[in-house]
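Asks: Sharing a structure below in C-alpha cells format, with a few things to ask.
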Amino acid sequence: MTLEQSAVRPPAQTRGAGPAGQRRRSRREEILEIAVGLFATRGYHGVSMDDIGAAAGVTGPALYHHFAGKEAMLAAALIPVSEQLLAGGKARIAEASDDPAAALAALVDFHVEFALANPAVIALHLHELDRLPEEPRRQIRRLQRLYVEEWVNTLTVLRGELDAGEARVLAHAAFGLMNSTPFLGGEVDRVRRAELLRAATLSALQG
C-alpha cells in the first residue's frame, strides 16, 4: 500500500451509510485524502492546488469551494488527527480501570493501529507541520503535548522509579518506534508488522 492510498480519513458529518453500515464520505473528505497522499509522497511544496484538483477530478473553482488553499488542507488533516489521538488515548486509559499495565498496553495497541492505518498523515506530522501558520501549528503542538502527557502519567504510575522527565524521554522514544510506519516496506505483512511494533514499543517502555 502506498502513502497516497493510505491517507487518513478525517471526520465529517454523516451523509449516509453503505451496505456494511459505514458512513459514506463527503466529496470534501475525498479531496482531503488525495491531498494528504500527495503531500506525503511529493512534499508540501512539490504539490500545487492544480495537482490536487487534477488528481481529484475537480476544477479550480470547485476545489476552492471546499478549501481556501493548501494550508487549509494541511490544517484540516492534522488538527482532527491530533484531537482523535488525544481523545482515543484518554479513552483507552479510562477503559483500563486503574490498571497501569493494561493502560500502557492499550495505548500501544491504539497508537500502533493508528500508525499502520495512516502512514501518510504520520509523514505529514513529521515533515510538514512547520508549513502551517502559527495558530494552527500551536494548536496541534498543544494537542500533541497533552497526548504525550497521557503516556507520561501512565508510565510514572506503572514505573515508580521514573520521574516525569524520564517518562517523557521514553514516551518520545516509543513514538519514534511506532511512527516509523511511513518508512516500512511491504515485505512483512501488516499483522506481523503490528506484532513487531507492539513488542518493540512495550519492551522499550517497560524496561
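Asks: Does the range 145-154 contain at least one residue that is of a type in the set (Phe, Trp, Tyr) and open to solvent by less than 40 Å² (accessible area, probe 1.4 Å)?
Replies: yes
Asks: Shifting gears a bit: Test Ala68 against the stated conditions and say whether it is open to solvent by 10 Å² or more (accessible area, probe 1.4 Å), at pLDDT below 95 and not in a helix (DSSP H, G or I).
Replies: Yes; evaluated as a whole, the condition is true for this residue.
Asks: Does the range 85-104 include one or more residues that are without any contact (Cβ under 8 Å) to a residue 24 or more places away in the chain, over 14 Å from Gln144 (Cα atoms), touching an Asp or Glu at 6+ places or on another chain (Cβ under 7 Å) and crowded, with 20+ Cβ neighbours inside 10 Å?
Replies: no
Asks: Please verify whether the range 114-130 includes one or more residues that are open to solvent by 30 Å² or more (accessible area, probe 1.4 Å) and either in contact with a strand residue (DSSP E or B) (Cβ under 6 Å, 6 or more places away or on another chain) or without any contact (Cβ under 8 Å) to a residue 24 or more places away in the chain (or both). I'd like the intermediate steps shown before the answer.
Replies: As a first pass, look at the range 114-130 and keep what is open to solvent by 30 Å² or more (accessible area, probe 1.4 Å): 117, 125-127, 130.
Now drop any that are not either in contact with a strand residue (DSSP E or B) (Cβ under 6 Å, 6 or more places away or on another chain) or without any contact (Cβ under 8 Å) to a residue 24 or more places away in the chain (or both), which leaves 130.
Yes: one or more hits.
Asks: Across the range 161-192, what is the number of residues that are part of a helix (DSSP H, G or I) and open to solvent by 60 Å² or more (accessible area, probe 1.4 Å)?
Replies: Counting residues in the range 161-192 that are part of a helix (DSSP H, G or I) and open to solvent by 60 Å² or more (accessible area, probe 1.4 Å) gives 9.
Yes or no, residue by residue, for (1) modelled with pLDDT under 90; (2) out of contact with any helix residue (DSSP H, G or I) (no Cβ under 9 Å at 6 or more places or on another chain); (3) of a type in the set (Ser, Thr, Tyr):
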residue	(1), (2), (3)
Thr14	yes, yes, yes
Gly21	yes, yes, no
Arg25	yes, no, no
Gly43	yes, no, no
Ala87	no, yes, no
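Asks: For the range 91-99, state whether one or more residues are more than 30 Å from Val157 (Cβ to Cβ), in a helix (DSSP H, G or I) and not hydroxyl-bearing (Ser, Thr, Tyr).
Replies: No, the range 91-99 has no match at all.
Asks: How many of the residues making up the range 22-55 are open to solvent by 10 Å² or more (accessible area, probe 1.4 Å) and among the aliphatic types (A, V, I, L, M)?
Replies: Total satisfying the criteria: 5.
Asks: Of all residues in the range 133-144 being assigned to a helix (DSSP H, G or I) and not charged (D, E, K, R), which is least open to solvent (accessible area, probe 1.4 Å)? Working first, answer last.
Replies: Filtering the range 133-144 down to residues assigned to a helix (DSSP H, G or I) leaves 134-144.
Now restrict to residues that are not charged (D, E, K, R): 136, 139-140, 143-144.
On the way: Pro136: 26, Gln139: 71, Ile140: 0, Leu143: 17, Gln144: 55 Å².
Checking each candidate, the answer is Ile140.
The values are calculated or read from the model by the stated rules, or taken from the named source; none is laboratory data. Predicted, not measured: the structure shown is a model, and the values here were computed from it. So basically every Cβ, Gly included, is an ideal-geometry build from the backbone, and we count neighbours across all protein chains shown. Heads up: the accessible areas ignore ligands, DNA and RNA and are worked out on the full protein's heavy atoms, side chains in. Shrake-Rupley method; radii C 1.70, N 1.55, O 1.52, S 1.80 Å.
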